[in-house]
Amino acid sequence: MTVDGFADWLVEFRAEAVRRAEAGEPDWSAGARLPEAVVASLQRFQVGEDGDGRNLIAKADQAGDAEYAAAVRLFIAEEQNHARLLARLLAAAGAPLLDGHWSDRAFVAVRRLLGLRLELMVLLTAEFVAVTYYRAVRDGVRDPLTSQVAGRILADERRHIPFHCRRLRRSIAELPAVLQPVAVAGWCALLLGATLFVAVDHGRALRSLGMRRARFVAEVTRASAEVVADLLGRRGTAVVGAVPRRAAAARVPQH
């Protein structure tokens with residue numbers, strides 16, 4: 001396996017699937033009591049988590065890395081599980097699902113504009129926003145079931161960041177040297193725009209969770225600083241080159 005290969009991530013995703021099965025389901029019968037603003041916010045996030053990932057799979061297949069393409073499919077399975085968890089949570093709260101939302105349609109449209117590089121930039125943006133958002137839900141909500149579901153999703157989203165970073169770093173390194181900082185700056189602008197949008201659009205929910213809009217933006221921005229340095233190759237492999245903990249001592253199954 002090369003340094004930038006994805007065999008370790010195959011191990012990681014497969015091990016996580018086993019762990020998830022062993023952990024079982026939350027106690028949905030406990031029900032959930034949530035403020036109206038948080039329900040509306042979770043409904044929109046549920047729409048964003050739901051998708052078949054066909055466009056990303058196609059681009060991953062075209063990239064010609066079988067290990068990465070296989071890992072992408074397992075990543076998508078985790079995202080689909082997030083959508084399922086949020087759907088069950090909303091049902092436990094007596095809230096319906098949304099058929100769609102314009103913000104999700106815009107997000108998908110941007111992802112599909114160009115190739116894998118832009119797709120990864122948009123996905124990485126979503127992961128950073130999601131980490132801060134689900135942490136706010138986990139720590140700020142006064143409902144045990146919601147806190148548990150948010151905690152499960154948060155753990156996955158944290159793992160997804162180094163996964164996307166590894167492939168994005170490789171993609172940016174393929175650009176001419178003069179364009180690499182431009183690409184990273186473009187991602188920073190995309191992240192800031194998405195973070196500001198979520199801070200405004202989900203402001204009532206964040207406020208009910210004890211997080212002000214300015215703090216939300218600051219936390220997302222601060223968390224991205226190390227990744228920016230890694231994407232530019234100015235630091236070690238603490239983020240993008242890190243081997244997942246479970247993968248470090250395991251082999252990739254052959255079937």
Centre separation in Å (Cα based) which lies between segment 167-220 and segment 129-148: 20 Å
task: Count charges around GLY203 for me, please; just the other residues with Cβ under 10 Å from its Cβ, Lys/Arg as +1, Asp/Glu as -1.
output: +3
Cα shape, segment 10-248, gyration tensor, a/c 1.5 rule: prolate
message: Highest mean first, how do 18-31, 219-232, 123-136, 152-165 rank when packing is the count of other Cβ atoms within 10 Å averaged over residues?
response: 123-136, 152-165, 219-232, 18-31
- line: Once the dipole of segment 10-248 is set up from charges on Cβ (+1 Lys and Arg, -1 Asp and Glu), the residue from the list SER224, PRO26, ALA155 lying farthest towards its positive end is SER224
- prompt: Can you list the HN-Hα couplings for segment 11-19, worked out from phi with the Karplus curve (6.51, -1.76, 1.60; θ = phi - 60°), rounded to whole Hz and with x for Gly and Pro?
  reply: 4, 4, 5, 5, 5, 5, 4, 5, 4
message: Suppose we keep just the alpha-carbon trace of segment 125-228; what are its Rg and Dmax in angstrom?
response: 15.2, 50
message: I need the phi-derived Karplus couplings for segment 24-34: 6.51 cos²θ - 1.76 cosθ + 1.60, θ = phi - 60°, integer Hz, Gly and Pro marked x.
response: x, 8, x, 7, 5, 5, 5, x, 9, 10, 9
- prompt: Extension gain ALA77-ALA17, at 0.36 nm per residue separation less the Cα-Cα distance, in nm?
  reply: 20.7 nm
message: What are the ³J(HN,Hα) couplings of segment 85-90, residue after residue, when phi is run through the Karplus curve with 6.51, -1.76, 1.60 and θ = phi - 60°? Round to Hz, x for glycine and proline.
response: 4, 5, 5, 5, 5, 5
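None of the figures in this text is laboratory data; all of them are computed from the coordinates on show. Not measured: the values here are computed from a predicted model. Here Cβ is always computed from backbone atoms with ideal geometry, including for glycine, and neighbour counts include all displayed protein chains.
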